[in-house]
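This report refers to the structure that appears directly beneath it.
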Amino acid sequence: MSGRPPPRRVAVWDIGKTNAKLALVDMQSLSEIAVRTRPNTVRTDGPYPHYDIDGLWDFLLDGLSELQAELGIDAISITTHGASLALLDSAGGLACPVLDYEHTGPDDLAEEYDAIRPGFARTGSPRLPMGLNAGAQLHWLLQTEVGLRDRLAQVVTYPQYWSGRLTGRFGCEYTSLGCHTDLWIPREAGFSPLVAALGLEGKMAPLNHASDCAGHILPQLAARTGLAPDTPVMSGIHDSNASLLPHLRCLPQPFAVVSTGTWVISMAVGGRQIALDPARDLLINVNADGGPTPSARFMGGREYDLLKSQIAPHEPADVAAVLAQGAHLRPSVEVSSGPFPGQQGGWSAPMSPGEKSVALAFYLGLMTAECLSLIGAEGPILVEGPFARNDLLLDMLAAATGRQIACSLSATGTSIGAALLATGVAPTGAVQPHAMTLDRAALADYAAAWRAAVGAAPTEGPFARRVNG
């Protein structure tokens, strides 16, 4: 990007598991000034469930054209969900559709895969179901898709598929490789033995940093969208790490970031050194600086969506009733992930729709607090995404952890983080402290009772959990 002035407006292509967004970020205010969204559809035609890559591509190009015409675009950045890879042929096209990581096909070959995958101690990747370990996707695809091994020229991480399609230069990148793929060793910053076990040596695309410039937009795409031919495209970043990046640049350690959406990802920076239990959906992510980052996950957004038909807007009387009765939601709603995997939850007692709304918000706050305790998080907690607008959840998180809570001022924290890849700016003033609206002591009592009811480990302090070793 030498010779160009610093970008004023960065278009961010942000693909979450549920929705895809194109946001235009103003770099002076670090805010989204225009947003386009569409569902991230999973197609069921073809050999297996896969993402609608053609539909996403058309949406991206149309959105870039509109935003360029309306406001102007100086650079493009990419962020996507994890657990996804694109397998390319020698012409740079897809050698097979991009597998939906929630497809159960890889489970059919679980025994074979388990025999070749490296252990958690090396990779920081817990063994996950379906295709949540990207290495399991590769194994299953190579074993079941006829002729794929012969067609396959290179494997690219998902953000780098999109930056590569825009520039013609594909790659692999550290934050996506470090997202429970089994393919990476975070503490050694290198590929794991699984790459060789799968016969993919020499087929992993070149390594990039998230902030590397992948190149300029291709001439035919510049003509299609109206963008300047020298518009730079950043390599791209895993979405949870995009949420972490602004704080990584400007906050003193320790702190924690909670990135919310379909997945709620908790990340501890500079926290306590504790033993991670992979059975509770804990893992080591790799941040944009290449540093190992203890992390915990549960599908909080998915759980909310599964229960939203049962809830209604709450009144103060609903909050009082839930606290007085100790009515709660037990984990888990989505049983395939989270700190209580395989545990089937439910409502503790009959509740009105308004009371269920309160209990659900409290549950999401308590599950987040449990995740934070399991990874040794310390210091202030910064909440990004939709849950940053849920005051009941934030109140419970503050009471349960006994720590300061702050919220992103951005509607989508991932887009701000991804936009920062295009500049060396260290953001300031991008968060605001959360002011509690409910009684802290009553919430702390509720939290303690919930922990006892669900069988969580004993605590020190309001809700902290220390693990020796």
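Please work out if Arg117 is under 22 Å from the mean Cα position of the chain (by Cα), among the basic types (Lys, Arg) and either assigned by TED's automatic domain parsing to the domain that holds Thr175 or modelled with pLDDT under 95 (or both).
Criteria not met by Arg117.
Hey, can you tell me all the residues within segment 63-84 that are surrounded by 15 or more Cβ atoms within 10 Å (Cβ to Cβ), part of a helix (DSSP H, G or I) and of a type in the set (D, E, K, R)?
Passing the criteria: only Glu66.
Return the only residue of Pro232, Pro252 being under 27 Å from Gly413 (Cβ atoms) and at pLDDT 95 or above.
Just a single option satisfies the conditions, and that option is Pro232.
Out of all the residues in segment 28-59, which are over 30 Å from Val146 (Cβ atoms), among the hydrophobic types (A, V, I, L, M, F, W, C) and either modelled with pLDDT of 95 or more or within 19 Å of the chain's Cα centre (by Cα) (or both)?
Hits for segment 28-59 are Ile33, Ala34, Val35, Phe59.
Just checking, which of Leu60, Leu87 is in contact with a Cys (Cβ under 7 Å, 6 or more places away or on another chain) and either closer than 19 Å to Ala242 by Cβ or assigned to a strand (DSSP E or B) (or both)?
Criteria check complete, one pass: Leu87.
Do we have any residue at all in segment 267-280 that's within 20 Å of Leu393 (Cα to Cα) and not in a helix (DSSP H, G or I)?
Scanning segment 267-280 turns up at least one residue that is within 20 Å of Leu393 (Cα to Cα) and not in a helix (DSSP H, G or I).
I'd like to verify a number: residues in segment 214-232 that are touching a residue at least 60 places away in the same chain (Cβ under 8 Å) and under 17 Å from Asp62 (Cβ atoms), how many?
Counting residues in segment 214-232 that are touching a residue at least 60 places away in the same chain (Cβ under 8 Å) and under 17 Å from Asp62 (Cβ atoms) gives 7.
State whether the residues of segment 172-180 include one that is in contact (Cβ under 8 Å) with a residue 40 or more places away in the chain and among the acidic types (Asp, Glu).
Scanning segment 172-180 turns up at least one residue that is in contact (Cβ under 8 Å) with a residue 40 or more places away in the chain and among the acidic types (Asp, Glu).
Return the only residue of Ala210, Ala275 being out of contact with any strand residue (DSSP E or B) (no Cβ under 9 Å at 6 or more places or on another chain), of a type in the set (A, V, I, L, M, F, W, C) and at pLDDT 90 or above.
Being out of contact with any strand residue (DSSP E or B) (no Cβ under 9 Å at 6 or more places or on another chain), of a type in the set (A, V, I, L, M, F, W, C) and at pLDDT 90 or above holds for just one of Ala210, Ala275, which is Ala275.
Please enumerate the residues belonging to segment 11-27 that are under 19 Å from the mean Cα position of the chain (by Cα) and acidic (Asp, Glu).
Selection gives Asp14 alone.
So how many residues does segment 348-387 have that are touching a strand residue (DSSP E or B) at 6+ places or on another chain (Cβ under 6 Å), surrounded by fewer than 24 Cβ atoms within 10 Å (Cβ to Cβ) and either closer than 22 Å to Glu315 by Cα or small (Gly, Ala, Ser) (or both)?
2
Out of segment 307-335, which residues are more than 12 Å from Lys356 (Cα to Cα), part of a loop (DSSP other than H, G, I, E, B) and of a type in the set (A, V, I, L, M)?
Val333, Val335, listed by residue number.
How about segment 220-263: which of its residues are under 30 Å from Ile284 (Cα atoms) and assigned to a loop (DSSP other than H, G, I, E, B)?
Hits for segment 220-263 are Ser235, Gly236, Leu251, Pro252, Gln253, Pro254, Thr260, Gly261, Thr262, Trp263.
Tell me which residues, restricted to segment 306-331, are over 15 Å from Trp347 (Cβ atoms) and of a type in the set (D, E, K, R).
Within segment 306-331, Glu315 is the sole residue that qualifies.
Select from segment 85-98 the residues that are in contact with a Leu (Cβ under 8 Å, 6 or more places away or on another chain) and either crowded, with 24+ Cβ neighbours inside 10 Å or among the polar types (S, T, N, Q) (or both) and list them in ascending order.
Result: Leu85, Ala86, Leu87.
The values are calculated or read from the model by the stated rules, or taken from the named source; none is laboratory data. Just so it is clear, the structure is predicted and the values come from calculations on it, not from any experiment. Cβ: placed from backbone, ideal geometry, glycine included. Neighbour counts: every protein chain shown.
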